[in-house]
Amino acid sequence: MKLIAVLLDEDYKNIPQGIYQFDNEFEIIEFNSRDKVIELRENQNYYKQFEIPIENISCIVGKNGMGKTTLFEILISLKLWRLDNELKEGKIHALFYDLSKNIFFIQSYINNASDWSINYSELKKFDITNKISPVNIKRNISGDDKFSIIPTPISIIFHSLSPFDRVYELIKNIYLKASTNKHYENFGYIGANKIKDSEPSHNALTLKNLLYFSNTSSQFRNMLENIGYKYKNIEINVNEKYFNNSIEVIEFGDINLNKLDIENFNEEIYNNIKKLFLFPNITYYEKYNDMLEEDFYKYLIFSSLDIGKFSNFKRFLKLAITKFPGLDTNNAVDALLKNILDNDVLSVRQIFNSNRFTTIKSIVMNRENSKKYYEFLIEKIDNFQDSDTEYFYETLQYISFLESQGIIEFKINLIKNEKIINYLRLSSGEKTMLSYLFNIYDKILALKARTGDTEYIKTVIILIDEVELHLHPEWQRQFIDNINRFFGKFEDIKLQFIVATHSPIILSDILSQNTVYLGINNIDEDNNSFGGNILDIYKDKFFIEYTMGEFSRKFIENFSNSINLIYAYEMAKRNDNQLLNLIIEKYRKKNLKIRNLVKYIDRIGIKEKSTDLKCVAEWKKDNEGFLKRSKAIINNIGEEAIRNHLKLLIDRLSILKKEKH
């Protein structure tokens with residue numbers, strides 16, 4: 001089942017009334033709410049582009065402010081009633097089609113949608129009291145039960161990574177209310193923002209979905225492999241650099257033996273103590289590279305010691321002697337290092353690196369939980385259950401903290417192009433691309449489980465706003481293909497994607513018939529975007545006036561005008577006013593007459609604010625310097641035609657300069 005079109009009876013915000021078509025299998029001859037008539041005919045040029053589960057992928061494009069996100073508001077409101085109170089009841093009508101049964105369905109926004117007729121096949125509707133099976137279009141009962149709803153097999157997902165997502169605020173208001181509308185359940189939101197504070201971050205959700213589905217779903221693994229990735233494993237390794245931090249021990253010559261207050265302490269005892277600090281990973285903490293072993297936590301404490309100062313060294317020795325009174329100083333220190341996990345050690349804050357102490361103490365005091373987190377990720381992840389989700393987020397937060405402190409190296413290994421890659425070290429664009437796939441997959445399964453029993457194939461309509469956010473152009477170029485290959489392996493469900501974009505790269509994979517153009521009515525349908533030149537699409541389909549940045553355009557325009565003015569000025573000094581007369585109006589100042597303009601220019605200084613006149617002043621001051629600077633400017637302009645044009649203008653000035661001399 002798929003959405004064919006939406007009819008808007010009245011303007012809504014900046015969206016004008018009219019028909020907005022999202023699938024081109026049928027040509028819409030008439031969609032008339034006044035007479036409740038729908039007339040269709042088969043599109044002779046239609047062909048299904050995408051893999052079987054994907055009904056269609058369509059685009060919404062237009063200038064900023066033309067209503068791309070607003071159109072999503074309208075589509076979401078078909079599911080979440082009164083998303084925005086400005087929406088007018090009974091003024092929005094949606095047409096759906098189920099190919100498997102060759103039946104059309106009509107829904108009118110908070111309206112009974114009765115008495116519609118269609119010339120093509122059968123037309124039915126779902127309403128609040130008939131969610132499992134559709135009813136005859138003539139059904140017209142009174143009361144709250146009269147309202148038509150989106151066909152029950154259909155769920156909607158809205159996806160936006162914009163931090164300024166306007167729709168998010170509207171959705172949040174709906175979901176935080178105690179709603180009795182059961183059809184609200186078939187809606188999902190994915191975004192950079194969270195509906196509830198208790199929800200995981202977008203990044204944590206992505207990691208959970210990657211690990212959970214990679215270890216529990218053969219379908220997901222097949223889908224992942226179909227876009228060139230394969231899940232391998234998780235690695236948590238001790239960061240050797242953190243533990244190899246050498247412990248600085250005070251030099252014997254810097255020890256005040258009188259103040260040390262340890263009987264018979266001498267250089268020999270000092271040297272024996274210093275040796276104990278040389279190879280702790282061999283002598284004391286051999287199993288330090290395993291978070292399940294106590295040695296790991298002992299070495300954490302050891303590596304954070306700071307006994308390079310006399311006062312710290314004295315406290316350390318006193319602690320050893322106090323803890324092990326029956327031993328000499330050397331053996332007491334040896335015993336303390338072996339039993340460094342003793343709580344009394346961490347109670348002497350002064351013997352530790354101040355930057356590490358709080359962190360290390362927290363880790364050591366909670367080491368039993370730390371071991372469980374490690375064990376869950378390394379040894380139990382392949383038995384990841386849905387009930388483990390909250391514990392996973394807790395684990396991920398803890399392990400990520402350890403990595404942020406430089407204590408461990410955390411890797412989620414994938415195989416790509418026969419090489420092992422760490423997902424956590426991928427570019428932000430590649431991770432964003434994968435996050436779309438993982439999180440949409442997760443939400444689809446959740447909505448599929450929520451949808452009640454129905455004789456129809458379950459369908460999810462996925463709305464993606466500003467898909468190009470955080471995506472490098474190369475990932476934009478691969479986006480539609482990845483969507484097709486990944487979700488093309490989905491089973492027992494139908495999908496329809498509607499994407500709002502500013503990217504011509506995205507649009508080059510979409511048929512023009514499947515694109516909604518906002519803000520323009522005279523689109524040339526023969527000029528198809530599918531497989532088109534990206535630069536042509538940028539100019540023709542995105543309504544861009546110029547094909548270069550505004551700063552460079554203005555700079556080049558001002559520069560060109562300056563050269564023309566200088567040339568006209570030089571010619572006027574030769575009593576040839578033809579060029580000057582052509583451009584004079586632009587430079588007329590109050591009652592300044594044409595014959596005085598040359599005198600006026602002669603008087604201007606280098607501080608002139610006008611770019612054009614300032615260039616004239618620079619020319620007058622130093623002809624040669626101006627020509628040299630101008631050639632440097634021209635050589636840095638990328639467009640060859642513009643570059644050649646400006647070179648001709650400069651060549652004319654060069655000729656005048658030679659004639660003058």
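The values are calculated or read from the model by the stated rules, or taken from the named source; none is laboratory data. On a predicted model such as this, the values are computed, not experimentally measured, just so you know. Every residue, glycine among them, receives a Cβ derived from its backbone with ideal geometry; neighbour counts consider all protein chains shown. Areas reflect the complete protein model, heavy atoms only, side chains present, ligands, DNA and RNA absent. Shrake-Rupley method; radii C 1.70, N 1.55, O 1.52, S 1.80 Å.
Brief remarks follow.
- Rounded to the nearest 20 debye, the dipole magnitude of region 232-288 is 380 debye, with +1 charges on Lys and Arg beta carbons, -1 on Asp and Glu beta carbons, and the Cα centre as origin.
- Listed by chain and number, the aspartates and glutamates whose alpha-carbon sits under 14 Å from that of K287, ignoring those within fewer than 8 places in the same chain, are E240, D295.
- Cα-based radius of gyration for region 19-108, normalised by 2.2 N^0.38 Å, reads 1.21.
- Placing +1 on the Cβ of every Lys and Arg and -1 on the Cβ of every Asp and Glu, with nothing else charged, gives the chain a dipole about its Cα centre of roughly 3060 debye.
- Of interest is the spacing of the C-alpha centroids, which for region 221-279 and region 399-456 amounts to 34 Å.
- Normalised by residue number, the volume inside the convex hull of the Cα atoms of region 254-312 is 94 Å³ per residue.
- For region 17-163, the antiparallel share of DSSP beta bridges with both residues in that region comes to about 75%.
- Check: region 1-76 dipole with +1 on Lys, Arg Cβ and -1 on Asp, Glu Cβ, in debye: 260
- Cα gyration tensor category, rounded, prolate or oblate, for region 49-160 with a/c compared to 1.5: oblate
- The chain - accessible surface per residue (Å², probe 1.4 Å): 49
- Gyration tensor verdict on the chain (Cα atoms; rounded if a/c is under 1.5, prolate if a/b is larger than b/c, oblate otherwise): oblate
- Sparse packing (at most 14 other Cβ atoms within 10 Å of the Cβ) combined with a DSSP loop state is found for the following GluC sites (Glu not before Pro) in region 1-76: E10.
- Counting only DSSP H runs of at least 4 residues, each contributing -39500 (n - 2.57), and dividing by the residue count of the chain, the helix-based mean residue ellipticity at 222 nm comes to -13000 deg cm²/dmol.
- Apportionment of accessible area to carbon and sulfur, the chain, percent (1.4 Å): 45
- Rounded to 5, the percent of DSSP beta bridges in the chain classed as antiparallel: 55
- Alpha-carbon Debye profile of region 68-129, log10 I(q)/I(0) at 0.12, 0.27 Å⁻¹: -0.33, -1.15
- In region 168-268, the GluC sites (Glu not before Pro) that fall in loop regions by DSSP, at most 16 other Cβ within 10 Å: E248, E251, E263
- Over region 298-373, volume per residue of the alpha carbon convex hull, in Å³: 85
- Positive dipole terminus of region 369-443, leading residue within S428, F376, N413 (C-beta point charges): S428
- For region 169-315, the fraction of alpha-carbon pairs in successive 5 Å shells from zero, as %: 2, 7, 11, 10, 8, 9, 9, 7, 6, 6, 6, 7, 5, 4, 2, 1, 0
- Calculated FRET value between K573 and E550, using beta carbons and R₀ = 51 Å, to 0.05: 0.90
- Annotation: S512 carries an accessible surface of approximately 10 Å², with a 1.4 Å probe and no ligand, DNA or RNA atoms counted.
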